[in-house]
Structures are given as structure tokens and as C-alpha cells.
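Here is the structure we will look at.
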Amino acid sequence: MSLFRRMIIVSLFFAVAYLSGCANESPNAIDSGDAKTAAEKVDSKPITLKVLQNFAAISDDEFANYIAQPVHKKYPNITMEMVRSKKGAELPDLIAAGTPPDMVYFPHERLQYFLDLNMAYDLDGLIKNNKFDLSQFQTEAIEGIRGRTDSGKLYALPFSLNWSALMYNKDIFDKFGVPYPKDQMTWDEVFDLGKKVARTEGDVQYKALYVGSLTQFSHQLTVAYTDPKTDAPLLDSSKWAKAATYYKQLYEIPGNTKPTLGDFWEKKNMAMYAGVGIYTVGQVEAMRTKGTPFSWDLVSYPNFPESKGKAMSLDAHSLLITTTSKYKEQAFDVLTLVTAKDNQLYASRKGRVSPLKDQELKVQFGQDVPSLQGKNLQGIFLNTVSLPDMGKYIEILQPLVNKESSNLTSGKSDVNTFLRDLQEAAKKAIAEDKAAKGK
């Protein structure tokens with residue numbers, strides 16, 4: 001297991017620990033005055049709605065505070081139960097056992113997986129019948145989910161959005177007398193800044209920057225993975241070439257050999273980290289409670305000139321209703337409730353970015369998290385998410401791109417050779433997948 005994956009797991013563990021400490025603080029901000037009427041709208045008999053958690057991170061206490069308790073308060077007849085995906089309890093296993101869930105909590109880019117299993121229910125009819133207002137959501141969040149299908153149908157609603165930023169170690173910049181990063185910098189400016197702090201002092205090699213995987217880095221350029229008409233891979237395009245060129249240059253900064261997330265949060269010898277913030281809240285809170293914090297801050301995610309105003313790609317932690325659920329109306333009531341402003345405001349103050357447009361949710365972001373006080377949190381919202389054309393083979397091609405990128409960063413391949421080899425590997429992978437599925 002890579003250090004990057006270990007760091008994510010550890011950070012999510014700390015996030016759970018932090019949120020557990022907040023469990024008793026939940027006001028469950030939903031007014032229960034009309035609970036009886038709401039509960040009787042479809043059926044007042046007691047029911048349990050099972051929610052399968054699949055890849056998208058949510059702790060037990062988050063599920064209780066953001067979903068289960070508010071729902072039960074407004075709809076006393078509904079009990080929410082979370083089932084976590086694990087070996088032997090994946091969705092196909094639950095279907096085979098005759099115990100499929102009513103809903104699934106998942107990252108939106110996995111939607112095709114549920115469509116292939118014929119388990120994602122088209123929400124457009126329920127949205128129309130309930131006169132549900134989709135305009136309250138950020139346009140990119142809804143478009144990003146609709147864009148995961150050829151039909152453009154809406155099979156899920158976003159519950160929260162992952163966020164991205166450029167985080168930096170103020171102590172390193174202070175040590176070498178280099179100005180801090182600023183909002184709305186270009187990648188060229190960030191790379192130049194990184195070269196000024198990538199130094200060796202004593203036995204410590206101070207590294208410049210870590211940006212995560214090549215796929216994460218490239219999405220800002222709205223790269224396409226496949227041709228939607230022919231399924232042919234498009235990994236040798238000019239956009240992929242630019243992403244690969246910059247990614248290679250990052251690893252060529254003196255002293256920036258094999259940068260990792262652990263260099264930033266654990267070793268504290270990394271000046272900057274440009275990436276997702278899913279584990280940041282738990283990480284900094286864990287450091288605060290342990291008495292091992294360091295001086296850090298953040299600015300907006302850097303841009304290419306052609307991607308000005310864009311952050312990393314959309315990562316919408318979403319909820320769908322399964323086709324097999326007997327309680328689709330009640331499940332839609334749950335979707336309506338958990339995405340309502342009051343519930344979203346509570347989650348936002350705890351460090352969850354809301355998919356709603358309401359500006360107050362951005363202003364209130366992170367206000368209940370001690371370690372985020374005094375940070376440039378509004379820098380998170382200066383960009384909007386990118387919407388790369390991921391295509392239906394994303395779960396095959398993303399890992400392939402990241403695996404092959406080691407040849408690029410190690411110097412074994414130049415950009416042209418890397419893209420040519422990647423294109424051929426992608427053709428083979430897609431052909432094998434089609435053959436396995438009998439297509």
C-alpha cells in the first residue's frame with residue numbers, strides 16, 4: 001500500500017475521531033413541528049431505509065448527525081441504517097442475498113458501476129412530481145452527475161463536494177525568507193516559488209510541491225479519456241500532453257524526488273501541497289489535539305492560463321435510490337431533507353462543502369472546526385470545479401494512467417513515449433473489458 005493511500009486512511013481515521021467528539025453537538029436543525037403530516041404523506045408505518053456506503057467517505061457520526069437523526073426527527077416512522085461496503089458485502093453480494101439497499105452513498109464518478117448493475121433509479125420523475133427545485137444546486141454539481149450517462153438522466157443528488165486548494169507550510173517559507181503563495185496563482189508561478197524553497201539544510205531536504213496523481217492533476221484541463229461514439233481512448237491528446245509535461249517538470253525540480261503527502265503533513269519538509277481537502281479537517285484536528293500542530297494556511301488551487309477560475313474536478317459525494325427499493329417516495333423525502341439548507345449549513349460548519357448555491361453556506365464553512373479558524377477558507381471558493389470528460393471506462397483507465405505515470409516521473413519515458421505507450425495500453429484494457437462483458 002502506498003504512503004499516499006496510507007495517509008488518506010489515517011487522515012480519515014482522524015476525521016472520524018474528530019467528528020465523534022462532535023456527535024453530541026448536533027442540533028439536528030430540522031424543525032419537527034410538521035413531522036406527523038410529513039410522515040403520513042406516503043405511509044406512516046415504520047420502515048428502515050438501508051444506505052450502502054460505497055467508497056465516498058462518511059463516518060458513523062456524520063451519518064447519524066447529517067442523515068439518520070434529522071430524518072427520524074421529521075419522519076418518526078423512518079429509521080436510517082448504514083451498511084458499509086466490504087468484502088462479501090458489496091452490492092452484488094447484497095443483491096444475491098436478497099437484501100439490496102434502498103439507497104447508495106457514493107462518489108458520482110462511480111455511477112456507471114451502478115447503472116451496469118441496473119440498480120440506479122432515474123430521479124427525474126420524482127423530481128417533477130414533487131416539484132423539487134434543482135436550481136438550488138450548483139450547476140456544475142448537477143451537470144457533472146447527468147454527464148456520467150449518455151442519456152443525461154439524473155440518477156443521484158449531490159450531498160457534499162470535495163474541495164481543493166494549495167496548502168502551504170508557513171514555517172518553511174519563513175525559514176528561507178520566501179513570500180507566501182497567493183490566491184489565483186498559475187502553475188508556472190507555483191513551480192517557480194517551489195524552486196526557491198527546495199533546499200537542503202543540514203540533513204533535511206526541503207521539497208517543493210506535491211500535487212497527487214497525474215489523473216487528479218490533469219482533470220483541470222478537462223481532459224477526455226475516451227471517444228463517446230467509438231470508445232477509442234484519447235490519452236494522446238494535446239491536453240494530456242500538457243498535463244504530462246507539467247507533471248514531469250514537477251518531479252524535475254531539484255530535491256523534489258518522490259514527493260508524497262506524508263512529506264507535507266507528517267515529515268513537514270514539504271513546502272506546498274495542491275490537492276483535495278477530504279482529509280485535511282481530520283488531519284489538522286488530530287494534530288491540534290495531540291499538541292503537534294504547525295503553521296500552515298491555504299490559497300486557491302493554481303490554474304493553467306486556459307483553466308483560469310477552475311479547481312480540481314468535481315468529486316460529488318452523492319445519494320441514489322436503488323431500482324429495487326420498495327420505498328422510493330420515502331427515499332426521495334430523505335434526499336429532499338438532507339440536501340435542504342438547514343441540514344447543509346450544519347454540515348458546512350463542520351467542514352463539508354455544500355453542493356447548494358447559497359452563499360451563506362460558503363461563509364459559514366468550517367466555523368465549528370477549531371483548527372480552521374484564521375485560515376484563508378474563502379480561497380477554496382474562488383474557483384469552480386472542473387468537469388473532465390471521464391467516459392464510461394474511467395474505472396479502468398484512471399488506475400492505468402496513474403500506474404504508467406511512474407515511467408514519466410522516473411525519467412524512463414519522455415512525454416511522447418509515455419503517451420504513445422499509454423494509448424496502446426488503454427486500447428488493450430478496453431478491448432479486454434469488452435470481451436469479458438461479451439460486448
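Could you check, for segment 105-124, whether at least one of its residues is of a type in the set (Gly, Ala, Ser) and under 27 Å from TRP163 (Cβ atoms)?
yes
Pairs please, first residue from segment 78-96 and part of a helix (DSSP H, G or I), second anywhere and at pLDDT 95 or above, Cβ atoms under 6 Å, 6+ apart in sequence or on different chains.
Note: pairs meeting the criteria are LEU94/PRO100.
So which residues in segment 50-77 are of a type in the set (Asp, Glu) and either under 17 Å from the mean Cα position of the chain (by Cα) or in a loop (DSSP other than H, G, I, E, B) (or both)?
Across segment 50-77, the qualifying residue is only GLU62.
Could you tell me which residue of segment 143-164 is farthest from the chain's Cα centre (by Cα), considering only residues that are part of a helix (DSSP H, G or I), in contact (Cβ under 8 Å) with a residue 24 or more places away in the chain and farther than 15 Å from VAL353 by Cβ?
Checking each candidate, the answer is GLU143.
Tell me which of these VAL178 doesn't satisfy, since it passes every other one: (1) surrounded by 15 or more Cβ atoms within 10 Å (Cβ to Cβ); (2) closer than 21 Å to SER307 by Cβ.
(2)
For segment 202-312, which fully contained strands (runs of 3 or more DSSP E) count at least 2 residues that are touching a Pro at 6+ places or on another chain (Cβ under 6 Å)?
The strands (runs of 3 or more DSSP E) meeting that bar are 207-210.
On the given criteria, is LEU115 in a helix (DSSP H, G or I) and not aromatic (Phe, Trp, Tyr)?
Yes.
Report yes if some residue within segment 168-182 is closer than 17 Å to ASN269 by Cβ, more than 25 Å from the chain's Cα centre (by Cα), of a type in the set (Asp, Glu) and modelled with pLDDT under 95; otherwise report no.
Within segment 168-182, none of the residues are closer than 17 Å to ASN269 by Cβ, more than 25 Å from the chain's Cα centre (by Cα), of a type in the set (Asp, Glu) and modelled with pLDDT under 95.
Within segment 110-134, track down each residue that is more than 21 Å from LYS434 (Cβ to Cβ) and among the aromatic types (Phe, Trp, Tyr).
Result: TYR121, PHE132.
Please pick out the residue among LYS362, LYS375 that is under 19 Å from the mean Cα position of the chain (by Cα), surrounded by fewer than 20 Cβ atoms within 10 Å (Cβ to Cβ) and under 25 Å from TYR301 (Cβ atoms).
Just a single option satisfies the conditions, and that option is LYS362.
Are there any pairs, at least 6 apart or on different chains, whose C-beta atoms fall under 8 Å, with the first in segment 47-65 and closer than 19 Å to ARG110 by Cβ and the second outside any helix (DSSP H, G or I) and small (Gly, Ala, Ser), and if so, which?
LEU52/SER85; GLN53/SER85; ASN54/SER85; PHE55/SER85; ALA56/SER318
Taking the stated definitions as given, is ALA35 modelled with pLDDT under 95 and over 30 Å from THR260 (Cα atoms)?
Spelling it out, ALA35 is indeed modelled with pLDDT under 95 and over 30 Å from THR260 (Cα atoms).
Can you tell me how many residues in segment 383-439 are among the small types (Gly, Ala, Ser) and in a loop (DSSP other than H, G, I, E, B)?
5
Given (1) at pLDDT below 50; (2) more than 30 Å from TYR273 (Cβ to Cβ), identify the lone condition not met by PHE14.
Of everything listed in (1) at pLDDT below 50; (2) more than 30 Å from TYR273 (Cβ to Cβ), PHE14 misses just condition (2).
The values are calculated or read from the model by the stated rules, or taken from the named source; none is laboratory data. Please read these numbers as outputs of a predicted model, since none were measured by experiment. No Cβ is skipped: glycine too gets one built from the backbone with ideal geometry, and neighbour counts run over all protein chains shown.
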